[in-house]
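Take a look at the structure set out below.
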Amino acid sequence: MVLPIVRRVVAYITALGLLCGLLFPRVAQAQSSVQLDLKGVPLEEALNTVRAQTGLDLVYAERLVSNRTVSCTYTGPDRTAALRCVLQGTGLEAQRVRRRQYVLVKAPSTKKRSRRRVALSGYVIDAETGERLPGAHVYLTALQAGTTTNRDGYFVLSALPPGTYDVRVSYLGFSTVDTTLTAGGSPTRISLDPAAIESEEVLVEAGSTTAEETSQVPGMTSVDLARLDRLPSFTEPDLFRALQWTPGIRKTGAVNGGLSVRGADPDQNLYLLDGAPVYHPWHAFSLISTFQTGTLKNTNLYRGAFPVEYGGRLSSVLDAQMKDGNRERPSAVAGFGVLSGRFRIEAPLSSNTSFMFSGRRSYIDKLIGRTHPVTDQSGRRDTLRTGYYFYDTSAKVGHRFNEKHRLTLSYYHGRDDLDLRLPFDLSLDFDSWLRPTNLFFEVKQNWENRVFSAQHQHLWSEDVFVRSTAYYSGYQALESSFVQPTTTASLASEYSVRLHDAGVKVDVNYHHSVSHEVSTGFKLSTLQFESTLDSEVFRSTSLARRRQQESDLGAIQVSGYVQDVWSPTPEWTVQPGVRVSYFSGGDHFRVVPRLSARYTVDPTWLVLRGSAGMHVQYLHRLRDRHSVAYDLVSSRWVPSSSRVRPSTGLQLGFEARTHPRPDLTVELDSYIRKTRDVLVPSDVFQEKDDIEGPGINVGALLGQYTRGKERAAGIELSAVYGDGPWTARLGLGSGRTMVRAPGRVQSGLRWRPSDLDVPFTLRGAFGWTGSSWSATLATEWRSGYPISAPVARYQVGDPVESDPVTYLYRPRINNNRLAPYFRADLTLGYSFEFLSADWTTTLTLFNVTNRDNELSRSYEPTPAGVDVQSQRGLPILPLLEMEMRI
């Protein structure tokens, strides 16, 4: 099973290398003969002659070569010998940095010292808070070589000749700094100031605006967390809603759904918070993410063939880090919107210790009330309930023992609580809800995430960095239901789902030189999956059936990886890697290779990137499709076993990024994805309306699904324009996602559109920001989701019976589509000072055109025809958000 995919990866890599050799022959050209006949010419002129004939990249300071003349005669193929001939007698020597690149330095007095290499290292720091910035770009402009800071804000460029270098440091949302640093000295601290609000920074940046800031990883997207309020949001600034403005990313719309990346299912995304996985990152039925934007320091999203340090999912990885807390001075933020209020406190505890603490709670239950006493005309009384709220808390403490040792402790807890007692025959007439009734249903549900992470970061030596992580992540859902559809029949059930994930991980980064950065790591985790069901069904007052079931599964997962970021020339960066994993459930062992490459055609104009890689996922998120007694809101993660194979996928991608003018960036992405052993429903038309259902045993759950294949391909275009206070963003995506699996309908093994197949998406945002006011208009247009429309209706019955049963005939799955979706949102912001605090008020007009969008459609057979029911989107809504900073 694995070998055919490996062969495909190798074939793709070989084809990519041949294509690059044809497109860029300068890299593989034959070495021609060098002819020098120089007599008393200026040294700089001689070096230009060598550069022209050999193709060598020579880096030097003008003061070293000025007022020097040389005489040299050389004929031959050896480029380094030609360079030594020119430098003979000048007191200078050339030290090789990487292939075809040399730095000229003063020749030392001894040969031993001439071979000495040093490192240029330091930390990039937020000037306002004192926090170290991970992912900042550090670029040596003369060498055209660079790196990014690690999670501790540390950078190092090893094996450099001693001397001074011009360095450019940049970070999304901060002003760029150009400075001069000396290699061989102690680590330098570089402070970056947050960019002014009128700057040209953008919110979601798939790379950056110049070649030296472009990520080495294809498909990587960074988010400017400080400016999410400039994008329309249904509530407070939300990370997941901001990511949806990136082509290929959208929300599924399902109650227990999530983000779909390039048409993949939401369970194929890995969400990390300070190195710990989060299994249900949503509040309010997938309306709001659990990630409080204000608590995050750095967030990266990887799509496609992500680096080998990440594993366990097929589609994407969201890696978020919480803030350590302000190390300079205490600060506080408070805000409230339509649904919830929040606060955040940051402060230093000592010169080496800081903390961050935040909280958030919705107040819908306070606005509409949790209980509603009702009375009908006959005087009968009842108490209905409409209680719902969510809350979360985040905390982090960071302590620095010294420059080489740092420890952080992170904690997150979020919970949703639902309490309903309503009439069984609900309608869209909300007034009809508030009435006594004999037929009703009660639901008490809560679901929560609890995450703890401890990270120790150690600078082992100047060029070796070690990060150790220990974490625990728990997900729990409890469902209590009571349904009385008739006066004599009822159902009472107690259902719970628990997931425990605890693990340790060690990552090591070795900066060998400007050309090589080697990373390796090891992870060990234990997983536990528990679920219980206690239900009792009363079919009449005298006939009852009770069911008690338990399911307890466990597994151990071990994984390791190694990769090398290899920059043989200033133009090329290649990142090969391999990941090895073992999953005890079923004794599954997988080896998956990955490769990405970047070629800089012109640093100010065009950068090309390609990637190929394999991925494996050992966990499947499934939901019972029959019973109303369990899995109403929650879902279950089922581990791979001897019966359930892990899903495997192959991802290929190619990107081209151009910067034709200082205020415009254009990126074109394409991808191909093939996945096998994904679990899809056996009967897609099964409705969740049974009273009892098949039970919660894993076998009963797996019986509702079958193994299938998935393939996807698409192209994405994004453009970002920024000119002073004006910004504009355009995102265009076109792609298809198809699945093939045996089922209980007459589709056979044909490829059919998946439920998340959207062939065309167009998003745009246009904004203006002044000193106090800001405005943004954002629009989205996309194809409608696939639906399975009936093509005929038939009836089956006994001739003796008077009323036959009517059925719908749907031979093809997803043979039709909903109408196209369109929405425009307008956001107005105003910033001011009041009572020694900074205030920001944001008004968002959601669906400003009041378009009646169709979100889903269902068909119900009737004796006379077909009853078509549609779920509609929200109308125009004014949403107010206020935030105070002190």
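The values are calculated or read from the model by the stated rules, or taken from the named source; none is laboratory data. Just so it is clear, the model here is predicted, and its values are computed rather than measured. Positions of Cβ are generated from backbone atoms using ideal geometry, with glycine treated the same way; all protein chains shown enter the neighbour counts. Keep in mind that these areas ignore ligands, DNA and RNA; they rest on the heavy atoms of the full protein, side chains included. Shrake-Rupley method; radii C 1.70, N 1.55, O 1.52, S 1.80 Å.
Assorted remarks:
- Enumeration of residues in the range 617-641 that are part of a loop (DSSP other than H, G, I, E, B) and over 18 Å from ASP552 (Cβ atoms): ARG623, ARG625, HIS626, VAL628, ALA629, LEU632, VAL633
- Of all residues in the range 760-773, those being open to solvent by less than 30 Å² (accessible area, probe 1.4 Å) and touching a strand residue (DSSP E or B) at 6+ places or on another chain (Cβ under 6 Å) number 5.
- Qualifying residue in the range 119-140 (condition: over 30 Å from LEU296 (Cβ atoms), modelled with pLDDT of 85 or more and part of a strand (DSSP E or B)): yes
- Residue identified as without any contact (Cβ under 8 Å) to a residue 40 or more places away in the chain and either over 17 Å from GLY695 (Cβ atoms) or surrounded by 17 or more Cβ atoms within 10 Å (Cβ to Cβ) (or both) among LEU619, LEU632, LEU524, LEU595: LEU524
- Any hit, the range 585-594, residues being assigned to a loop (DSSP other than H, G, I, E, B) and of a type in the set (Val, Ile, Thr): no
- Number of positions in the range 307-320 that are more than 12 Å from the chain's Cα centre (by Cα) and within 15 Å of SER410 (Cα to Cα): 0
- The residue that is most open to solvent (accessible area, probe 1.4 Å), among those in the range 442-462 that are of a type in the set (D, E, K, R) and either at pLDDT 90 or above or touching a Lys or Arg at 6+ places or on another chain (Cβ under 6 Å) (or both), is ARG450.
- Reported count of residues in the range 120-146, each being open to solvent by 20 Å² or more (accessible area, probe 1.4 Å) and closer than 14 Å to ASP166 by Cβ, is 5.
- Selection count where residues are touching a Lys or Arg at 6+ places or on another chain (Cβ under 9 Å), among the aliphatic types (A, V, I, L, M) and assigned to a strand (DSSP E or B), scope the range 472-491: 2
- Taken as a whole, the range 561-577 holds at least one residue that is over 30 Å from GLY55 (Cα atoms), open to solvent by 30 Å² or more (accessible area, probe 1.4 Å) and modelled with pLDDT of 95 or more.
- Residue within the range 672-686 that is hydroxyl-bearing (Ser, Thr, Tyr) and surrounded by fewer than 19 Cβ atoms within 10 Å (Cβ to Cβ) present: yes
- Of everything in the range 300-337 that is surrounded by fewer than 24 Cβ atoms within 10 Å (Cβ to Cβ) and of a type in the set (S, T, N, Q), the residue that is farthest from THR353 (Cα to Cα) is ASN300.
- Of all residues in the range 813-836, those that are surrounded by 15 or more Cβ atoms within 10 Å (Cβ to Cβ) and in a loop (DSSP other than H, G, I, E, B) total 4.
- Criterion: part of a helix (DSSP H, G or I), in contact with a helix residue (DSSP H, G or I) (Cβ under 6 Å, 6 or more places away or on another chain) and either modelled with pLDDT of 85 or more or of a type outside the set (Ser, Thr, Tyr) (or both) - qualifying residue of LEU83, LEU58: LEU83
- Comparison of GLN53, GLN31, GLN35 shows that the only residue that is at pLDDT below 85, of a type outside the set (Asp, Glu) and either in a helix (DSSP H, G or I) or open to solvent by 30 Å² or more (accessible area, probe 1.4 Å) (or both) is GLN31.
- Residues satisfying the stated conditions in the range 848-872, i.e. among the β-branched types (Val, Ile, Thr), open to solvent by less than 70 Å² (accessible area, probe 1.4 Å) and at pLDDT 90 or above: VAL848
- Candidates TYR807, TYR794 - the one that is farther than 30 Å from PHE760 by Cα, in a strand (DSSP E or B), open to solvent by 80 Å² or more (accessible area, probe 1.4 Å) and touching a residue at least 40 places away in the same chain (Cβ under 8 Å): TYR807
- Count of residues meeting criterion [outside any helix (DSSP H, G or I), at pLDDT 85 or above, over 12 Å from the mean Cα position of the chain (by Cα) and not charged (D, E, K, R)] in the range 292-306: 2
- Whenever a residue of the range 60-86 is open to solvent by 40 Å² or more (accessible area, probe 1.4 Å), its partners that are of a type in the set (D, E, K, R), lying with C-beta atoms within less than 7 angstrom and at least six residues away or across chains, give the pairs SER71/LYS39; THR73/ASP37.
- Index of the failed condition, VAL607 passing every other in (1) open to solvent by 20 Å² or more (accessible area, probe 1.4 Å); (2) assigned to a strand (DSSP E or B); (3) more than 30 Å from LYS523 (Cα to Cα): (1)
- Residue count for the range 699-719, restricted to those that are of a type in the set (Ser, Thr, Tyr) and closer than 19 Å to VAL684 by Cβ: 2
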